[in-house]
Number of protein chains: 2
Amino acid sequence: MIIIEFILKDIPNLKYFEWNKIFKLVSGESLQNFKLAYETYGVLNKEKSNAILIFHALSGSSHVYRDNSNMDGWWDEMVGPDKPFNIEKYFLICVNVLGGCYGSTGPSSYDQKNNKEYRLDFPMITIHDMVNAIKLLIDHIGIRKLFSITGGSIGGMQALDWVIHYPEMTRSVILMATAAYATTFNIAFNEVQRQSIFSDPNWNNGNYSKERPPINGLRLARQIGHITYLSEDSMKKKFGRNLQNNPKLLFQFTQEFEVESYLHYKGTSFTERFDANSYLYITKAIDYFDIRKNQKLIPAFNHIKNTKFLILSFSSDWLYPTRQSKEIVYALKSNEIDVSFAEIDINYGHDSFLIDCLDLKEITFNFLNNIKI
Amino acid sequence: MIIIEFILKDIPNLKYFEWNKIFKLVSGESLQNFKLAYETYGVLNKEKSNAILIFHALSGSSHVYRDNSNMDGWWDEMVGPDKPFNIEKYFLICVNVLGGCYGSTGPSSYDQKNNKEYRLDFPMITIHDMVNAIKLLIDHIGIRKLFSITGGSIGGMQALDWVIHYPEMTRSVILMATAAYATTFNIAFNEVQRQSIFSDPNWNNGNYSKERPPINGLRLARQIGHITYLSEDSMKKKFGRNLQNNPKLLFQFTQEFEVESYLHYKGTSFTERFDANSYLYITKAIDYFDIRKNQKLIPAFNHIKNTKFLILSFSSDWLYPTRQSKEIVYALKSNEIDVSFAEIDINYGHDSFLIDCLDLKEITFNFLNNIKI
C-alpha cells in the first residue's frame, strides 16, 4: 500500500471527489462518507455533451491514460489523440471504484467512525454501489447526459448497471469482454482466488500490517486469475514447454518451465501494487453481479430507449466467452434496442481489450464517430 | 495419512510387490528399493493372455473396484461382471503409482537409508519411472503380453509411455481424456496447485507432522483442480447461481453460493485421503510428460506394430481437450497403426471417464470384445 500511495503522488491529473452524507448500499449497510479518486482528460465542451465515462476492470485504477504523468495508463492503446477515445474530441472521465485501493474509499481507507482502517469492517460493495457512487460524481461535474460509457470485464458490468439504472444519462454504451451476470464458473474461480488470500497467515483476517501484507496469498490469487485472463493458445505460443534458464530439466520443485516463472513474476509484481482486501471485495462484487430479472435478461432492458450499444467479445476469451455477450445482444434486440455486435478474432484471451488490437480500435472508433456530439 | 493407512487395511485384496535392488530413475537419481501396492481381480488364464493393466489418475489408487471390500472402487462404473472390464473374462491389475500415497513407495514412505520418512528427499518421479516400476511387477507376475492397457488422464499418459517403451508387451491400448504431453496450460494449472501447498505454513518444506498436515493448502489445490475437471456447463446446470442455505444474499465472506460450498466440501474431503507431498510429486510427473521426439509426435510411434488403439475424448473436457487426443490419432494413423477414435458428447468435463457413461461403456466393451483373447 505504501507503493500505491507513491503511485498516486506520481499522477498530477488525479482529483478527489468527496461525499460527506450517508451513502446507502445494496446490502442494507451504508457508508458515513466516501471519496473517489478520478482523472479527466480532454476538455468538456460548453454543452457538456462530449463526456465519455470509462469504467476500469478488477485491477485497474483511474489512471486510464499516461498523459503528462510518469506512469503508463492502463488503456494507453485506446485513449489519446488519434485513438478511439480521442482526448482532443471527447472529455474522458475514469474513476477508481468504491472498494478499490487507488485513492477511492475501500477497505484500506481510514474509518473516521472507528479511528482506524476499515479492513473487514468495510461493508460489502456491489457493482451497483460502485455505479451509484460514480453517479454522484457525474452529477457533481454537472453532466446530465454522457456521450458514451464503456468498460471491459467488470468495467463492462458497471456500464451495464449504469445504463439499466440511469438509462437517460448516456447516449451510447460500449461493452467489451463482459457479461450480464457472473456465471458459476466465474464464481468458482473468484472463490479459489479469495481462498488463496484467506489461507495466507499474514492476511490475519484482514488485519495485516503494511510491512507484512499477505504477499503469498495475493500472488497466488493473481497467478490463478492470470491463467484465466490468457488463452490456452496464447500461452502455448508464448511459452510452450520452454524451460527457464536451463537447457535440461532440473527435476526440482522450482519454476522449471517458463510459464511457471512468468506467472510468478506477474503475481509478484501485482502484490506491489494492489491491496489484498480490495481484491476480496471487488471479486465479491463480481460474484454478486446479475442484472437479470427472475433469471430473465430481456425484461432487464425493457425501459431503455434511444441508447446505442456496441458489444464486443473476443474469440479466445474463455472467462467471459462470446456466448455471454450474445445473451446481451439477444436481449437488447428483443427490446428493439440499437445494438452492434462483433466477436473479434484474436488469440489473447480475456485481456484482449487491453492490448494493441486494430479491429478493436477501428470498430470502437467508427461506432463513436457515427454518433454526432 | 493415518486415514490412508486405515483405508488400505480395509481392502482385503491389496497385495504388495517389493523390489530390493537399485531402481534407476529418469532424473539420474535412484531408489535403493521400493514397493508397489496393487490389486488384481478375476483369474489369470493358463496362457496368461487375458490380463488388462489399468493405470490410475492423479488422485486414484489400486482400488479400482469395490469387489469384496467395504470401499467403493474408483472405477466401479467400468469394472465388474457385465462391465467393459469384465472380471469374469479378464484378469485386471491396478497398481498405485510410485510417488503415490496409497501403499506404494512415495514421499511419505520410510527411507531405510536415513531412518526417516523421505519427504522432499524423495527423488523426482516421471511417468516413465511409474511405468518402469509397474513393468517389474508385471514381469514378476509372469505376464509377457498384456491383453490390454488402459487409463484416463495421467493414467492414459502411463499407458502411452508403456506402449512406446514396451510395445511388444501389450496387444491393445485404450486411452481416455489424455494427451501426448502436458501443455503450457496444464503446467500452469499444476503450478498454481503446487503453490497452494507451498504457501501453507503447515507444509513446512514438506516436513509436516501427521497431526498438522497442510490441509488449507491441499484443499485449495484440490479446489482449483476440481474446477478444471468439470465443465462450465455442468457446473452451471448443477449449481447455477444458487445460494447456500439462504434465500437471500448474506453479503459476507462466507461460501454464499452453492458452488463455493461444493468446492470447499470436495477440497476438504480430499485432504482426508491424500498426502500433500504426493500431490506435488505426481503433478510434477504430469508436467514432465512429453513423448514427442524433438517436438514431433509421429516419430514417437514409428516402431509400434500389431497394437490396436482405442482413443476416447470427451466433448466438454477443456483440461485435456479433444484436439490433444486427435494429435495422437493423427500420429498413429501416420504410422499406419490400427486406431479407433471417438469424441464422446457429454457435458461432465475431464472427469467424464469416471462416471456412468453408456457410450464410454459400449465403445470400450466392443473394442475389447472384438479382440480374441
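If you go through region B:329-347 and keep only what is more than 14 Å from chain A (Cβ to nearest Cβ), of a type outside the set (A, V, I, L, M) and in a loop (DSSP other than H, G, I, E, B), you end up with B:ASN335, B:GLU336, B:ASP338, B:ASP345.
Table: residues versus (1) at pLDDT below 95; (2) farther than 23 Å from A:SER62 by Cβ.
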site: A:GLU272; (1), (2): yes, no
site: A:ASP275; (1), (2): no, no
site: A:TYR279; (1), (2): no, no
site: A:ILE282; (1), (2): no, no
site: A:ILE286; (1), (2): no, no
site: A:ILE291; (1), (2): no, yes
site: A:ASN294; (1), (2): yes, yes
site: A:PHE301; (1), (2): no, yes
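Restricting attention to region B:306-328, the residues that are in a helix (DSSP H, G or I) and open to solvent by 20 Å² or more (accessible area, probe 1.4 Å) add up to 3.
Each residue in region A:12-39 was checked for being in contact with a strand residue (DSSP E or B) (Cβ under 6 Å, 6 or more places away or on another chain) and within 14 Å of chain B (Cβ to nearest Cβ), and 3 pass.
Is region B:65-81 home to any residue that is within 14 Å of chain A (Cβ to nearest Cβ), surrounded by 14 or more Cβ atoms within 10 Å (Cβ to Cβ) and assigned to a loop (DSSP other than H, G, I, E, B)? Scanning region B:65-81, I find no residue that is within 14 Å of chain A (Cβ to nearest Cβ), surrounded by 14 or more Cβ atoms within 10 Å (Cβ to Cβ) and assigned to a loop (DSSP other than H, G, I, E, B), so the answer is no. When the residues of region B:94-120 are filtered to those that are free of Cβ contacts under 8 Å to residues at least 12 places away in the same chain and in a loop (DSSP other than H, G, I, E, B), the one that is surrounded by the most Cβ atoms within 10 Å (Cβ to Cβ) is B:ASN114.
Looking only at region A:240-297, residues that are outside any loop (DSSP other than H, G, I, E, B), over 25 Å from the mean Cα position of the chain (by Cα) and surrounded by fewer than 22 Cβ atoms within 10 Å (Cβ to Cβ) come to 3 in all. Comparison of B:ALA182, B:ALA177 shows that the only residue that is among the hydrophobic types (A, V, I, L, M, F, W, C), within 14 Å of chain A (Cβ to nearest Cβ) and open to solvent by less than 10 Å² (accessible area, probe 1.4 Å) is B:ALA182.
Quick test of your reading of the structure: A:ILE344 fulfils all but one of (1) closer than 13 Å to A:ALA180 by Cβ; (2) in contact with a strand residue (DSSP E or B) (Cβ under 8 Å, 6 or more places away or on another chain). Name the failing condition by number. Evaluating A:ILE344 over (1) closer than 13 Å to A:ALA180 by Cβ; (2) in contact with a strand residue (DSSP E or B) (Cβ under 8 Å, 6 or more places away or on another chain) leaves (1) as the failure. Looking across region B:201-214, the residues that are within 10 Å of chain A (Cβ to nearest Cβ) and either among the β-branched types (Val, Ile, Thr) or open to solvent by 40 Å² or more (accessible area, probe 1.4 Å) (or both) come down to B:PRO201, B:ASN202, B:ASN205. Taken over region A:21-35, the criterion of being closer than 15 Å to A:ILE127 by Cα and open to solvent by less than 40 Å² (accessible area, probe 1.4 Å) is satisfied by A:PHE23, A:LEU25, A:SER27.
Yes/no matrix, rows are residues, columns are (1) without any contact (Cβ under 8 Å) to a residue 40 or more places away in the chain; (2) among the aromatic types (Phe, Trp, Tyr):
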site: A:GLU258; (1), (2): yes, no
site: A:HIS264; (1), (2): no, no
site: A:GLY267; (1), (2): no, no
site: A:THR271; (1), (2): no, no
site: A:PHE274; (1), (2): no, yes
site: A:ASN277; (1), (2): no, no
site: A:TYR288; (1), (2): no, yes
site: A:ILE298; (1), (2): yes, no
site: A:ILE304; (1), (2): no, no
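The values are calculated or read from the model by the stated rules, or taken from the named source; none is laboratory data. Predicted model only: the values in this text are computed from it and were never measured. Counting neighbours? That spans all protein chains shown, and the Cβs are built from the backbone with ideal geometry, glycine included. To get the accessible areas, we keep the full protein, side chains included, count just its heavy atoms, and leave off ligands, DNA and RNA. Shrake-Rupley method; radii C 1.70, N 1.55, O 1.52, S 1.80 Å.
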